[in-house]
């Protein structure tokens, strides 16, 4: 097993000599950038549960694709985009449909289990879908991820201003002529693409680590959209790259380190907020 030398640059150079690590770092950087940007709007629009549901729908699509002998990424994209369009058409009503979404989520996860039982191949494919398999990404996968990320970011860039307006106050935006319904559908499709990309890194069950946690942390740091998005990208990159770096030296899953770093940072920010509020409470100036 490789030894950690405390010379970070030398250690990184050593890791990059291995193609599987170079591919993992490249894919991780791409996915983290997309997750940081898209995740900001997920949190702003209160769509965290919908993002989680899309990941489970994608699991059913991916396992179904494996059964019929096509790429799981194809099934993942077809199912998530289809479900995303349906959720987007619900628009503002989506926020009140947690029960319905939860029922569909449970059913699609069961559907995925059925497809797995029909699959005669190896269980490692299911493990990779559920928990991520970034160290098994090929150069071809990196290129596919890059293309999907470019499409995702191009859509976000084109819709940025009206999407931000509609996310902050949908009713006022609609009154001003902003196509709120169209933006709802378009963003859900963007979210479906982001979920499909992030699955490669953290898997379906741990999608919150990259798509939601960095943006949730930035909510407690700044209210300015540009700064919040920038910070979310930095955090997603830090969690992914540090997680990859650590996993090179210890025999534990990369997704464990990524999710642990994200969770610990979130707890730290919440603790700081709590201590700051208590400090203001107990140190009020005398009237």
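Ranked highest first by average number of other Cβ atoms within 10 Å, how do 259-272, 183-196 line up?
On the way: 259-272: 15.6, 183-196: 24.2.
Sorting 259-272, 183-196 by mean packing, highest first, produces 183-196, 259-272.
For region 8-279, what is the relative contact order in percent, using Cα pairs closer than 8 Å and at least 6 residues apart in sequence? Each step should come with its number before you reach the end.
Working: 383 pairs, mean separation 84.2, N = 272.
Relative contact order comes out at 31 percent.
For region 21-82, what is the Kirkwood estimate of the hydrodynamic radius, computed as the reciprocal of the mean inverse distance between distinct Cα atoms, to one decimal in Å?
12.9 Å
Can you compute the FRET efficiency between residue 276 and residue 150 using 1/(1 + (r/R0)^6), with r the Cβ-Cβ distance and R0 = 41 Å? Round to the nearest 0.05.
Working: r = 40 Å, r/R0 = 0.97.
Given R0 = 41 Å and the Cβ-Cβ separation, E is 0.55.
Gain in length, residue 6 to residue 265, computed as 0.36 nm per residue apart minus the alpha-carbon separation, to one decimal in nm? Kindly include the intermediate steps, with their values, before the conclusion.
On the way: separation 259, 0.36 × 259 = 93.24 nm, distance 2.29 nm.
Stretched fully, the residue 6-residue 265 segment lengthens by 90.9 nm.
Classify region 8-279 as rounded, prolate or oblate, taking a ≥ b ≥ c as the square roots of the eigenvalues of its Cα gyration tensor: rounded when a/c is under 1.5, otherwise prolate if a/b is larger than b/c and oblate if not. Each step should come with its number before you reach the end.
Numbers: a/c = 1.65, a/b = 1.13, b/c = 1.47.
Verdict is oblate for region 8-279.
Throughout, read-outs are computed from the coordinates displayed, never taken from laboratory work. Quick caveat, the model's predicted, so the values are computed rather than measured. All Cβ positions, glycine included, derive from the backbone under ideal geometry; neighbour counts span all protein chains shown.
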